[in-house]
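Student: Below is one structure. I have some questions about it.
The values are calculated or read from the model by the stated rules, or taken from the named source; none is laboratory data. As the structure is a computational prediction, the values presented were derived from the model and not from experiment. All Cβ positions, even for glycine, are placed from backbone atoms using ideal geometry, and neighbour counts span all protein chains on display.
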Amino acid sequence: MTSIQDNDYKAKLIASVKKEVKQVMEESVTKKFVHEESGSVTSLCGAVEACLSQGLRRRALGLFKTSSTTALLHKIAKHSSEAALISKKVIDLENLDPNRRSSSSSDSTTKPVLMKNLSFQNVNLLPKYLWIRLALFEKQLSRIIDYLVTNASRYYDKDALVADPDYGSILSSLLVGPCALDYSRTKTADHFWTDPPADELLQRHRISSSHSTPPPVRRPIPNFRRSLNTSSDESTNRCQTQHLAKDYVESLHQNSRATLLFGKNNVLVTPPKAGQIEPMPGYLSLHQTANCLTIKWTPNQLMNGFTESDVPDKNIYWDYAIQVRLDEVVYVHCHQDVETGGTVILVGQDGVQRPPIHFPRGGHMLAFLNCLETGLLPHGRLDPPLWLQQSYATKNHKRKRPLPSLVENEDEPKDFVFRIVDSSNHKEISVKRHDLMNRNGHMVTKVRAQLGSSSTSSESSTKSFSIEQSCTINDGSNVCIQAVCESMKRQIISRAFYGWLAYCRHLSTVRTHLSGLVHGTIISGENAKEGLSEEKWAELFVEGVLNNPDEVYKLTYYGGVAHELRKEVWPYLLGHYKFGSTVSQREELSEQTKQAYETTMSEWLAVEAIVKQRDKETQANAIAKLSSESTSGEQVPPQIQRDLSNDVFEDISDYEFDSNEDLTDNEEKQKRMKKTEQNTVIYEGSDEEKQVNNETDALPDKLPQDDEEVNVDLENLRLTNSVLEEACSSTTEHNSQIEETDLRRFVGNVIVTNPSVDMSNFSMEIRRKSSLVALTEENGQSLECIETHGLVSPARSACVSPASSNGGVYSPELLETFGLNLHRIEKDVQRCDRNYWYFTCENLDKLRNVMCTYVWEHLDIGYMQGMCDLVAPLLVIFNDESLTYACFCHLMERMVENFPNGNAMDCHFANMRSLIQILDSEMYELMHSHGDYTHFYFCYRWFLLDFKRELVYSDVFSIWEVIWAAQQVASSHFVLFLALALLEIYRDIILSNSMDFTDVIKFFNEMAERHEAQAVLRIARELVLQLQLLIENK
Amino acid sequence: MATRKKVLLKVIILGDSGVGKTSLMNQYVNKKFSNQYKATIGADFLTKEVIVDDRIVTLQIWDTAGQERFQSLGVAFYRGADCCVLVFDVTAPNTFKSLDSWRDEFLIQASPREPTDFPFVLLGNKVDLEPRAISTKRAQQWCLSKNNIPYFETSAKEALNVEQAFQSIARNALTQQSQSVDLYNEFPDQIKLTNTTNRNSNGDSCAC
């Protein structure tokens, strides 16, 4: 590297530090403080770190293990007191955090632990450049760097930046400035909004909603009405009371979603609801969000904290607070008063006045209007403009000055009216009003186009301005009032008409799309709230017969099932037991189920054995390949390669075919045997090769003996069973109890159902294997070796023979498919609810058995992720494999459509959309504004698993049984209403944070297993009822 | 002075079920390993703020379901991705074999503007486990054949190479989003996305 490049690089480094220092200093000036977490601080630290790393003698200092300069700090701590101080703090901080090893101090980038006082939940991690950061905050950084520069020869290469006579001192002097600053830990507005976790959102919501808890279920009609007359006074106030409480916490201050344009305390307002004449002092603020301006007024009682004791019930003040969206306001009336500072009255589109706002003296009204005008730009403006461009006086020197008479110390009181012109849609107004304008001949055309007709009504009563200030409209005022009245009349009528039209459309949507979602007849939940308790069960379950399905469903739907009864009731709910069946009928059914289950299980267990065997070999192949790759370079020796590419499976069938043909040809057979043995064992690796050779050498001596004894003898088979069992249990890793019975049946199965199996061959195989085992045991060889042979033989003898001699009992495709499914099941079963007490290894095996049996019976469907989650709760309740299996099959009849191959999920999403549209228009608007159907993907897991992942186990039970009962009682799409209920519970959080698709996904993923199931159920039932009533009303 | 614009980078993690996608994500974001993860259903994401070069970027890391049947959901989640992380399990050959189909499927569903240049990063996870079935060399060859994808061998359990891998992921995603040249590119500690550095970074972790 040439020194020129080097110098360039150093210059760049210094330049970047300069840049960052400048940024931090500027921030401190403009914002009055710099936040510790500010990006510019981090960037500065990064730049400093880069400078310090350059040319650091890591190797010489023994620092080469870390990439950061933290170790350097600890090193110099011995010599420099400043460094020692920071070093100690760094160590302290790191010790606080159990997740970190101290060596990797600055490699991570996360939310800092320094700010533990902040409300973030996940701040257990240290920030990047920790020590530099700390040193900066402690104002020691420049001194530490000074030290480094002075002693650069000890720590740095001679061409390093720090060792450079110029750059070194520049660096330390650059940092003097930032070190003099005070850094704030207070969360500022910009930081406040960085992805608050669900906890934080809930917390905020709880704080802010303590005053008014909005009803979680919204009635559709009032809601709908509100959207019709958004600007009517009581509706805005209603809106206010609901929203103001939580707005108070967040929105009165500057934040990233709303800019505070104006704020003034002690502004007097007579709240409409107060019923008192005295105006109350309060805080007036003007906020700008992306889509509109909002004027808010909050009574002082609410502003002065929550500790004031003289106000017994502050809640009433929430009713007084005012919030006005400026897009609902058409006119701003200003009344100047010599005594006071002036009054502003806002008039809405509907002509209704908002309560007057009395400003204190001191030009506040003008300031307010000024801010208002600025805020309206660029999409709207005040008309006439507040500031006139006096271009007449001097053409070249344009001078801005306020409207002459708006200055407070004018002699006589004056009133003004400003119209708020929304330039985005004023075009149509101007066209409509054209004729009206013409009547008012005095108006100057330029102004005319901007003015709406209705403005004249108020203009006539107060003094009006046009830009030229040349017109008086007194002559035309009568005509204008008439025209305005007419136009208002028209507007009112058309609004009413559109309202009615919208209502009709709304109902027709309900009828066409949603009537199928709930049952027409409403079954009342009277006397059913306590659910299916033990007593009720005793009443209903007479002599082992359950006769009253309606009652059972109703009780379950409204109150759930007592936990102890679930084992008995669930099979009824799922349709496994028939209502009215007797004890003996059910016993018979259970017996049948059990037998069928076991038969199926024995079938797939056989296939599983083959699959396992093949896996072992593929695995061995891969390892052999890998080791050959690593030991002997790129080329696999041809001999091994041949062996590797040999599919052992085929090889064996080959062999058996041969042995069928010429059983007597011992020599030939031995030769082949040798070959297969080599094939199977060689993959164990070169270490064992010797053993293998010993073994195969020894084999021929023993084999002919065995061969003579070959006869088809079941007795013989039984004897060898023990060997088989031992082998098989190690293969499948199942508990031996199940295995034993299954294997017996399985062996029988092979013999009985596949008569074409060559029996002699079969038993011979087993014999050979048993002798082999004996042989290896004799030789005292390693256990591993025995296992290997044990694994090979049963699979081969038992399962391959039918395949090979029968010509495809198990086709390769079937083996392939089932094998694939098996692996997936294996993976997922191991991961399924392992933190729940029930799922010990033994019970996980049960889960696996049920799952495999289902998949074996439904290979066309196959295993899909999520199925395990559906089996698990059933198994927990029943603790019986065959019953679980049967009930799971019933459950899957409905659920299978939710999985990727079905289309139920899309239906759910579409229905959700319609339901939200009907039941919560506000939420619908929010979702609509953010896009399309993808929004409902946050419901995906809910529907796929019937909320199983969203709730804790005990709640899953209660939700599931209600879903099942709901099919008979109220709705076969009850899951939709559960989903809606979840949304409703958190609707205010979702709305107030105006969450988009990703926010909602994150929120609900974080909220998993933390919902209140009973509340969700209650709301869901209410929602069903609400829709039922809505449809009934038609 | 103009404020630095916050950059949001969307990263999608793909790979067969059980290769450790969720674990990698959680190890990186929360610095935790748990053996309690369940099979991911649907999709989840975590965000993390990192500094790449001199910019603060927010990584939005999407963890997806591993079963290929759920790929049909992908289109909703893949959209707007800035980088795709492919994960396989070094002890399970099949997970390596399906990398091709994951990559292809992603390109089809996300349909990025320049499919050939879209940044992928390959992670061979579970290097702490034995026996190994896919050698470093084989993985690197695959990467080479796919327009020289960066490759990292990681262990979510031992937190091996995870930080480095995601740093590279963030960097790649950022390059995808803006082609601007940054000063810090010449800093010594960067991870070079060439073969030589790959070999280095594998050096500490590769057990073979």
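Student: Quick one: in region A:793-823, which of the residues that are surrounded by 21 or more Cβ atoms within 10 Å (Cβ to Cβ) and at pLDDT 90 or above is nearest to A:GLU881 (Cα to Cα)?
Tutor: Per the stated criteria, the residue is A:LEU822.
Student: Sticking with this one: From A:LYS65, A:LYS111, grab the single residue that is within 14 Å of chain B (Cβ to nearest Cβ), modelled with pLDDT under 70 and over 23 Å from B:THR58 (Cα atoms). Talk me through it step by step, then tell me what you get.
Tutor: On the way: A:LYS111 fails: over 23 Å from B:THR58 (Cα atoms).
Answer to the check: A:LYS65.
Student: Name the residue that is nearest to A:VAL611 (Cα to Cα), counting only residues in region A:855-876 that are part of a helix (DSSP H, G or I) and touching a Phe, Trp or Tyr at 6+ places or on another chain (Cβ under 6 Å). Walk me through it before giving the result.
Tutor: First, the residues of region A:855-876 that are part of a helix (DSSP H, G or I): A:855-857, A:867-876.
Still in the list and also touching a Phe, Trp or Tyr at 6+ places or on another chain (Cβ under 6 Å): A:855-856, A:871, A:874, A:876.
Details: A:VAL855: 15, A:TRP856: 13, A:VAL871: 24, A:LEU874: 28, A:VAL876: 29 Å.
The residue in question is A:TRP856.
Student: A further question follows. Tell me which of these A:TYR836 doesn't satisfy, since it passes every other one: (1) in contact (Cβ under 8 Å) with a residue 60 or more places away in the chain; (2) under 22 Å from B:ASN35 (Cβ atoms); (3) surrounded by fewer than 17 Cβ atoms within 10 Å (Cβ to Cβ); (4) more than 14 Å from every other protein chain (Cβ to nearest Cβ).
Tutor: Evaluating A:TYR836 over (1) in contact (Cβ under 8 Å) with a residue 60 or more places away in the chain; (2) under 22 Å from B:ASN35 (Cβ atoms); (3) surrounded by fewer than 17 Cβ atoms within 10 Å (Cβ to Cβ); (4) more than 14 Å from every other protein chain (Cβ to nearest Cβ) leaves (4) as the failure.
Student: Something else about it: Within 11 Å of another protein chain (Cβ to nearest Cβ) and assigned to a helix (DSSP H, G or I), is that true of A:PHE957?
Tutor: Spelling it out, it is not the case that A:PHE957 is within 11 Å of another protein chain (Cβ to nearest Cβ) and assigned to a helix (DSSP H, G or I).
Yes/no matrix, rows are residues, columns are (1) of a type in the set (A, V, I, L, M); (2) assigned to a loop (DSSP other than H, G, I, E, B); (3) surrounded by fewer than 22 Cβ atoms within 10 Å (Cβ to Cβ):
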residue	(1), (2), (3)
A:GLU893	no, no, yes
A:PRO900	no, yes, yes
A:MET905	yes, no, yes
A:GLU922	no, no, yes
A:GLU925	no, no, yes
A:PHE936	no, no, no
A:TRP942	no, no, no
A:ASP946	no, yes, no
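Student: Does A:VAL956 satisfy the condition of being of a type in the set (Val, Ile, Thr), crowded, with 24+ Cβ neighbours inside 10 Å and either in contact with a helix residue (DSSP H, G or I) (Cβ under 9 Å, 6 or more places away or on another chain) or modelled with pLDDT of 95 or more (or both)? Please lay out each step first, then the result.
Tutor: Values: of a type in the set (Val, Ile, Thr): yes; crowded, with 24+ Cβ neighbours inside 10 Å: no; either in contact with a helix residue (DSSP H, G or I) (Cβ under 9 Å, 6 or more places away or on another chain) or modelled with pLDDT of 95 or more (or both): yes.
The answer is no for A:VAL956.
Student: Exactly one of these conditions fails for A:VAL871: (1) under 14 Å from A:LEU945 (Cβ atoms); (2) touching a Gly at 6+ places or on another chain (Cβ under 9 Å); (3) more than 11 Å from chain B (Cβ to nearest Cβ); (4) not aromatic (Phe, Trp, Tyr). Give me its number.
Tutor: (2)
Student: Here is a follow-up. So, A:SER630, is that one at pLDDT below 95, in a loop (DSSP other than H, G, I, E, B) and either under 30 Å from B:PRO131 (Cβ atoms) or not hydrophobic (A, V, I, L, M, F, W, C) (or both) or not? Steps first, answer last, please.
Tutor: Working: at pLDDT below 95: yes; in a loop (DSSP other than H, G, I, E, B): no; either under 30 Å from B:PRO131 (Cβ atoms) or not hydrophobic (A, V, I, L, M, F, W, C) (or both): yes.
No.
Student: Just a yes or no: is a residue in region B:60-80 surrounded by fewer than 22 Cβ atoms within 10 Å (Cβ to Cβ) and touching a residue at least 60 places away in the same chain (Cβ under 8 Å)?
Tutor: Yes, region B:60-80 contains at least one residue that is surrounded by fewer than 22 Cβ atoms within 10 Å (Cβ to Cβ) and touching a residue at least 60 places away in the same chain (Cβ under 8 Å).
Student: Confirm whether A:GLY866 is at pLDDT below 95 and surrounded by fewer than 18 Cβ atoms within 10 Å (Cβ to Cβ).
Tutor: On the way: at pLDDT below 95: yes; surrounded by fewer than 18 Cβ atoms within 10 Å (Cβ to Cβ): no.
It is false that A:GLY866 is at pLDDT below 95 and surrounded by fewer than 18 Cβ atoms within 10 Å (Cβ to Cβ).
Student: Turning to a different aspect of this structure: Please enumerate the residues belonging to region A:11-42 that are within 37 Å of the chain's Cα centre (by Cα), β-branched (Val, Ile, Thr) and modelled with pLDDT of 75 or more.
Tutor: A:VAL24, A:VAL41, A:THR42
Student: Return yes when B:PHE70 is within 14 Å of chain A (Cβ to nearest Cβ) and out of contact with any Phe, Trp or Tyr (no Cβ under 8 Å at 6 or more places or on another chain) and no when it is not.
Tutor: Numbers: within 14 Å of chain A (Cβ to nearest Cβ): yes; out of contact with any Phe, Trp or Tyr (no Cβ under 8 Å at 6 or more places or on another chain): yes.
So B:PHE70 fits the description; yes.
Student: Check region B:93-113 and report whether any residue there is within 13 Å of chain A (Cβ to nearest Cβ), in contact (Cβ under 8 Å) with a residue 12 or more places away in the chain and either of a type in the set (Phe, Trp, Tyr) or buried (at least 22 other Cβ atoms within 10 Å of the Cβ) (or both).
Tutor: Yes: region B:93-113 contains one or more residues that are within 13 Å of chain A (Cβ to nearest Cβ), in contact (Cβ under 8 Å) with a residue 12 or more places away in the chain and either of a type in the set (Phe, Trp, Tyr) or buried (at least 22 other Cβ atoms within 10 Å of the Cβ) (or both).
Student: Here is a check on your reading of the model: is A:GLN592 closer than 21 Å to A:LEU874 by Cα and without any contact (Cβ under 8 Å) to a residue 60 or more places away in the chain?
Tutor: On the way: closer than 21 Å to A:LEU874 by Cα: yes; without any contact (Cβ under 8 Å) to a residue 60 or more places away in the chain: yes.
Judged against the criteria, A:GLN592 is a match.
Student: If the requirement is being under 16 Å from B:VAL87 (Cα atoms) and either at pLDDT 90 or above or assigned to a helix (DSSP H, G or I) (or both), which of these qualifies: B:GLN176, B:GLN167?
Tutor: Selected residue: B:GLN167, the only one of B:GLN176, B:GLN167 that is under 16 Å from B:VAL87 (Cα atoms) and either at pLDDT 90 or above or assigned to a helix (DSSP H, G or I) (or both).
Student: List pairs: first in region A:523-544 and β-branched (Val, Ile, Thr), second in a loop (DSSP other than H, G, I, E, B), Cβ under 7 Å, 6+ apart or cross-chain?
Tutor: If the second residue must be in a loop (DSSP other than H, G, I, E, B), the pairs left are A:ILE523/A:ALA970.
A quick yes/no check of all residues on (1) assigned to a helix (DSSP H, G or I); (2) within 30 Å of A:SER971 (Cβ to Cβ):
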site: A:CYS480; (1), (2): yes, no
site: A:MET488; (1), (2): yes, no
site: A:TYR498; (1), (2): yes, no
site: A:TYR503; (1), (2): yes, yes
site: A:LEU507; (1), (2): yes, yes
site: A:ILE522; (1), (2): no, yes
site: A:GLY525; (1), (2): no, yes
site: A:LYS529; (1), (2): no, yes
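Student: Another question, if that's okay. Any residue in region A:898-925 that is closer than 27 Å to B:GLN71 by Cβ sitting within a Cβ distance under 6 Å of a residue that is surrounded by fewer than 19 Cβ atoms within 10 Å (Cβ to Cβ) and among the aromatic types (Phe, Trp, Tyr)? List the pairs, counting only those 6 or more apart or interchain.
Tutor: Between residues of region A:898-925 that are closer than 27 Å to B:GLN71 by Cβ and residues that are surrounded by fewer than 19 Cβ atoms within 10 Å (Cβ to Cβ) and among the aromatic types (Phe, Trp, Tyr), the close pairs are A:PHE909/A:TYR933.
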